[in-house]
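The values are calculated or read from the model by the stated rules, or taken from the named source; none is laboratory data. A quick note: this is a predicted structure, and the numbers were derived from the prediction, not measured. Here Cβ is always computed from backbone atoms with ideal geometry, including for glycine, and neighbour counts include all displayed protein chains. Please note that ligands, DNA and RNA were not included when accessible areas were found on the heavy atoms of the full protein model with its side chains. Shrake-Rupley method; radii C 1.70, N 1.55, O 1.52, S 1.80 Å.
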Amino acid sequence: MRIHAFLVFAALIAIASPAKTAAEFGSKDEAVAMVKRVQAEFKKSGPEATFKSVSDKAVADYHDRDLYPFIYNMEGICLAHGARPALIGKNLIDLKDQDGKFLIREMVTMSKGPGSGWIDYKWPNPLNNKIEDKSSYVEKMGDYFVGVGVYK
Amino acid sequence: MEDAAASQPPMAIYNSARGPRFLFGVLNNLSVQIKAAAASAVLLICLLALGANAYVTSTKSADGLRMLSHELEPKLQAFSQVNDAIVATHMTIFRYVSWASNGVSEKLLASLYKQINADLAALSTRIDQLSRRPDLSEEEKAALQALMAKWQKCLRQAKDTIDVGQTDAPMATMMLGQTDDSFKAVDSDIQMMSQATTEAANGVRAGLYADTERTKQFIILGTILGFIISAFVTFIVGASIVRPIKSITGVMQQLSAGKTDVEIGHRDRRDEIGKMAEAIDVFRKNMIEIRSMEQATHQAEQNRVAERTAAMHELAGEFEKSVQLIAKELADAVAAMHSNAQAMSLIAAETRDKSQSTAGTVIDTQTNVDSVANAAEELAHSIDQLAAQTHNARELTSKTVAESANASANVQQLLDAVSQIVPITGLIQAIAQKTNLLALNATIEAARAGTAGKGFAVVAAEVKSLAQQTAKATEEINQKITAVNASCGAVVAIMEQVVSAIGRLGEGTVEMATAVGQQAAATQEISKNAQQAADGSRIVANNIVELDKKARENDDASGQALAGAKRLLDQAAILQRQVDKFLRHVRAA
């Protein structure tokens, strides 16, 4: 079963990837795929290894153009961040974007509720350090949630 | 005054319709002492009220001021300082993120980072100190507990922000939002508490101001009210004391001037003035009573005097009337007596004269009778009988005379004496007649005797002549006596006793005459009869002498009577004068 599922997933990626890789910014699908990769590693290696590799900019699976994953627990404490390592260990549950949206709280709510989904907010783009509109796919992952977003 | 009204609320309700009059009624029944104290009491009450108010207000003000300066102001200052520090730190964090975003040197950033941490630590200490303040309320304590939690979060976020800012300025900028919120939350709490404290302080200030304002109003109002009330009370009390005292003084002056018909007011009051008025009224009533008693006594005295005077007058009148009557009667009687005495005196004089002449005649008769005596020896016996009878009569007459002398004084005696003469003369006359008859008989007998009787006839003739003379003399006497009797007509009434005595004598004489008459027939008894005649004539002579004596006595007596009557008249006049004088005195009294 596992092998079958993996094969289907791999085939899907193989079909989609030529179109996406050509783009300047990562797409939503790529973002979801990155989340799945983190989930896969999380399942495979456990939280500590996953947090380390997510935060390590050298790991290419988790650092593709403007795409990077982030992991928080349900209290809003940042455990791993693909772009901004300064945030690791900080409680950002009260973090607001420029529109006043409590984005971390929404993510927690989303994770506790439907388990996954898309959330729009503003966030600094690591490529130019400009705060841009972002749409992130968030998915519950054990006691945590993991998300990857695209800048619009 | 207010006290008075308050002390009798039921009455006040009862008589509320009477209004001020009731107020005066209550006031009039209060003692002067209470009234005098009323004004001072009102002032005292006002003063106490003002003092109490000032004390309470100043105590309250002191408390308020102490609360402001010792509790609220320092607390507010602490809040303000915390607030200032929060704002300053907040600003510093902004400055840090700003510096970090604009690539200020690492050194400056590091320095600012240090300063922010120090500031945050100082702020923590400050907030901690604030939460430990002893003058916090429970609400403030609870609020500070909540603030502490918020502050902890704020502190963490601030530190996170600057930590992130050291390496990731855009993210620090991104985190400023939440730090802002946290700081605002803390600051808002601090400001709220500060606001609450400010409001509390404002409340205290407003309270102080209101208290002060109220105290000011109270003092003004209390002063004015106290002044008005005490002035009013003073006026009312003064009016209720001074006015009645003035009127009572006037009444007392009038009373002391002796005027009792004055109206004494204020007696229905129950205070000292009422009692005074009552006492004065008692004085007045006593004065009236004493006066009326004096008048009654005076009236009674006058009545008594008038009654006594009237009685005296009446008595005097009656006395005068009776005295005058008596005096008149006396005067009349005396006058009558006087005139009688005069008449009697005349009669007595006449009688004396007559008796003197009779005496002469009787002496003659005596001589004749003596001559006849022997011849009339027989007659003498009869005459002795007659003499005895006559003696009886004479005794009776004497007795009668004595009685009449005793009974009716000298007049009576005179009349008796006069009366005595009448029977005697009658007797003498009768004897003379009988002697005459005897002489006639003797003459006849002598004639019969013839010669032997010649001498006797001469004697008889002589006797007869003598008898006739005697009769004649006696007739004269009788005539004179009749004249006396006629003169004494007025006295006859008084002489009834004598008359009756004489009447009785007359009867005796009649008896005697009868006896003599019985003897008359006895011729033998002529001599005796002659002797009797002689004896009789002797008796007559004696009687005449006696009569003369009596007549003299009578004359004297009548003179005395006259003198007595005159004296009596004088005395009566004196008595009349004395009575008049006495009556004048009595009437004058």
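In region A:45-152, which GluC sites (Glu not before Pro) fall in coil by DSSP and have 14 or fewer other Cβ atoms within 10 Å? The partial results should precede the final answer.
Details: sites: A:Glu48, A:Glu75, A:Glu106, A:Glu132, A:Glu139; in loops: A:Glu75.
Of the GluC sites (Glu not before Pro), the ones in loops of region A:45-152 whose Cβ has at most 14 other Cβ atoms within 10 Å are A:Glu75.
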Worksheet item: Given labels modelled 7 Å from the Cα in the Cβ direction, how far is it in nm from B:Lys454 to A:Lys101?
Response: 25.4
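Return the subset of A:Lys112/B:Lys184; A:Lys36/A:Lys152; A:Lys44/A:Lys130; A:Lys43/B:Lys159 for which the Cα-Cα distance in this structure is over 25 Å, preserving the input order.
As for pairs spanning more than 25 Å Cα to Cα, those are A:Lys112/B:Lys184; A:Lys44/A:Lys130; A:Lys43/B:Lys159.
To the nearest 0.05, what FRET efficiency results for B:Thr59 and B:Ser188 with a Förster distance of 25 Å applied to their C-beta separation? Don't skip to the end; give the middle numbers.
Values: r = 38 Å, r/R0 = 1.51.
Using R0 = 25 Å, I get an efficiency of 0.10.
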Worksheet item: Hey, what do the phi angles of region B:105-112 turn into as Karplus ³J(HN,Hα) couplings, whole Hz, using 6.51/-1.76/1.60 and θ = phi - 60°, x for Gly and Pro?
Response: 4, 4, 5, 4, 4, 4, 5, 5
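Give me Rg/Rg_expected for chain A, where Rg uses Cα atoms only and Rg_expected = 2.2 N^0.38 Å with N residues. Intermediate results must be reported in sequence, preceding the final value.
Numbers: Rg = 14.8 Å, N = 152, 2.2 N^0.38 = 14.8 Å.
For chain A, the normalised Cα radius of gyration is 1.00.
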Worksheet item: With labels modelled as points extended 7 Å from the Cα through the Cβ direction, what inter-label distance (nm, one decimal) is found for A:Asp56 paired with B:Arg133?
Response: 5.5
Worksheet item: For region A:28-83, what does the alpha-carbon gyration tensor say about shape, rounded, prolate or oblate, given a ≥ b ≥ c as the root eigenvalues, a/c under 1.5 as rounded, and a/b over b/c as prolate?
Response: rounded
Worksheet item: For region B:197-335, what is the charge dipole size about the Cα centre, in debye to the nearest 20, if Lys and Arg each add +1 at the Cβ and Asp and Glu each add -1 at the Cβ?
Response: 900
Worksheet item: Counting only complete DSSP H runs, which helices of chain A cover 15 Å or more along their long axis at the Cα atoms and score a mean Kyte-Doolittle of -0.5 or above?
Response: A:2-21
Worksheet item: Could you give the length gained on full extension between B:Gln81 and B:Gln302, defined as 0.36 nm per residue of separation minus the Cα-Cα distance, in nm?
Response: 67.5 nm
Fill in: Rounded to whole Hz, the Karplus (6.51, -1.76, 1.60) HN-Hα couplings of region B:438-455, x for glycine and proline
4, 4, 5, 4, 4, 4, 4, 5, 4, 4, 5, 5, x, 5, 4, x, 4, x
Worksheet item: Over region B:257-328, with a single point scatterer placed on each C-alpha, what log10 of the ratio I(q)/I(0) does the Debye formula yield at q = 0.12, 0.14, 0.25 1/Å?
Response: -0.56, -0.64, -1.02
Worksheet item: So how far apart, in nm, are the two label points at B:Asp364 and B:Lys566 if each is 7 Å from Cα heading toward Cβ?
Response: 3.8
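Would you rank B:Lys328, B:Lys114, B:Lys480 by solvent-accessible area, highest first, keeping every protein chain in place and using a 1.4 Å probe? Can you show the working numbers first?
Working: B:Lys328 120, B:Lys114 150, B:Lys480 50 Å².
Descending accessible area places them as B:Lys114, B:Lys328, B:Lys480.
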Worksheet item: Which whole-Hz ³J(HN,Hα) couplings does region B:188-198 yield from phi under the Karplus relation 6.51 cos²θ - 1.76 cosθ + 1.60, θ = phi - 60°, glycine and proline marked x?
Response: 4, 4, 4, 5, 4, 5, 4, 4, 4, 5, 4
